[in-house]
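Please read the structure below before turning to the comments.
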Amino acid sequence: MSSDLLMTVGCLVCAIVMFLIGRPRADAVALIMIIALPLSGVVTVNQALAGFADANIVLIAALFVLGDGLARTGVAQRVGDYLIARGGSDERRLVTLIMLIVGMMGSMMSSTAVVAIFIPIVLRIARESGVSRARLLMPLSMAALTSGMLTLVATTSNLVINSALIYRGLPGFSFFAITPVGVPILAASISYMLFASRFLRGSGNDEAPVRPSLNDWVARYSLQGRAFRLQVRENSPLVGQTLGRCGLDDDPVAHVVAIERRARMGTTVLLATADSSIAPDDVLLLDVDAAGFDVQAFCERYALKVRHMSGAYFTDQTHDVGMAEVIVPPDSTLVGNLARSSATLRRHGVTVVGLRRADAALVRDLQSTRLKVGDTLLVVGSWSHIFSMQSVERDIVCLAMPIESEASVPVPHKSIQAIGCMALVIALMLTPWVPNVLAGLIGCVNLDSAYRAISWRSLVLIVGMLPFSIALQRTGGIDIAADAVLRVAGEWGPHGLLAAVFVLTLVVGIVISTTATAVLMAPVVIAMAAHLHASPYPFAMTTAIAASAAYMSPISTPVNSLVSTAGGYGFKEFFLVGVPAAIGALVITVVLVPLIWPVYPR
């Protein structure tokens, strides 16, 4: 073994150890390796930094943006809510729908983002249906991981492996190349979880979520019966008027919190200010700060129609209307302001609907009460204003965000654009006319939100691990690894070799991230195929599927980590449920892959 190979292996072992102990964080480890490998002389500086110019890195960044667009515009959220609501309280139907929806969403956007969107949905469904959250969250995790087996762009590991093929002058996989194998694995996973989920218990408390919900605050601040949704009729005297002109912006009893207006897809919620104009069919979200309010007389006066509310205090408008609990700090400009008509709070786009003093006493008269240092306020407004308010520290300090904030939709009025961009990108990727990376960039139109949507940590991790592939290739490490696998499994036949590749990828994936696993394993399996004078495609595809089958550990992927925390699972639950699922994926892969991509094509 040469000194260069020893140096490369030593760096790789150090990286794996740091990944295992979690110190420093993964992207910092990648940066350390970018520095260490050139200093060791194994690779040049240009080779170490070549990943930043890799077309697939740019494509991965573009896909982060497209997926974020589906999340921010509410496409993923609304589809999930609509279909999951059809599950009722039937656990089997809920598990099936959750896994199907998450599988479909995860095939087009980041599985981590999908899980972050669906965790609050699943927790709400669990509370409403009476089904234990532990029996719904594990299927969510398994479907999110399996979604990586459905399309080429579903996960970064697929793109890394595809890039390894192209780097060696081979044609890459098509957009749906992995789908014929992934769909049967998803179907098998759903069937398996219908049986296995009933044995899951977890350690989470199904009665109380980790974070407060809007319903918790409705009860704590006694908001029941204070909210109304009133639709403006065409003959209403309010049409064409502003809230300030008609006196509804500072009415001491009935206060317009927001205006709900129809958009091209769904609705949009507008901040209610003195300058807000009223149009026919607008829905006024009204907060009533007095007992005995005569809503019928109010509707007759302004020609309004009472709209149904299925939840308490706008909790059925959680896509658009948010709440937060804040405190008034010293030196705040809020001190001395009237709670209900504070210009400072209006500037931040929120309205006070609840107030508690230091002795925890609930203040009822919001219209004439002046704020003091230490007052705890419950404010309501659009989610975009709620989120922007979190960065304000001088006037108000955010104490708590509800669990529903994890599923908020900042720009629902742009959902059609998001769907159109994703459809355009997919269509272009299916044609030979436009390279995938250019197709991905075509879909990125809002640069400010695009920069925020990109997971720079993930990109740095990928780029930092790519030099290992170059270093192992130059020092002969890849050939040594390929020979070692062949010595062990060379006599097992094509199916046995694919099984060995699957298991090896799975084991490596337990130790390090799936992306890093793909970076290390892709050149090894391609070298194996070259030694056997076999096609590289079945080995590359097996590696891609195995990298996504990381079902067995709560720390192997961000998806598992998120679900582990929400469901109260430990290593035991993931191992007991994940091993049979991984075996099932192994069997399906070993059977189907050689049929689609023969190991020794004629």
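The values are calculated or read from the model by the stated rules, or taken from the named source; none is laboratory data. Worth saying up front: this structure is predicted, and the values here are computed from it rather than measured. In this analysis, Cβ positions are derived from the backbone assuming ideal geometry, glycine residues included, and neighbour counts consider all displayed protein chains. With ligands, DNA and RNA removed, areas are computed over all heavy atoms of the protein, side chains included. Shrake-Rupley method; radii C 1.70, N 1.55, O 1.52, S 1.80 Å.
Things to note:
- Per-residue 3J(HN,Hα) values for segment 232-248, derived from phi via the Karplus relation 6.51 cos²θ - 1.76 cosθ + 1.60 with θ = phi - 60°, read 7, 6, 5, 8, 5, x, 7, 4, x, 8, 9, 4, x, 5, 8, x, 8 Hz in sequence order (x marks Gly and Pro).
- Burial ranking of peptide ranges 100-106, 344-350 (average Cβ count within 10 Å, highest at the top): 100-106, 344-350
- Distance in nm between pseudo-label sites at A343 and L31 (7 Å out along the Cβ direction from Cα): 4.4
- Figure note: I596, I125 ranked by solvent-accessible area, largest first, 1.4 Å probe, ligands and nucleic acids not counted: I596, I125.
- Highest mean first, the peptides 571-580, 370-379, 182-191 sorted by other C-beta atoms within 10 Å per residue fall in the order 182-191, 370-379, 571-580.
- Accessible area in square angstrom per residue, segment 121-247, 1.4 angstrom probe: 39
- Note that segment 509-595 presents 30 Å² accessible area per residue, ligands and nucleic acids not counted, probe 1.4 Å.
- Amide H contacts of A400 (H built 1.01 Å from N, in plane; Pro and chain starts excluded): E325 sit under 5 Å, all sequence-distant by 5 or more or on other chains.
- Highest average first, the peptides 295-305, 499-509 ordered by how many other beta carbon atoms sit within 10 Å of their residues are 499-509, 295-305.
- Extension gain from S40 to M309, taking 0.36 nm per residue of separation minus the Cα-Cα distance: 90.2 nm
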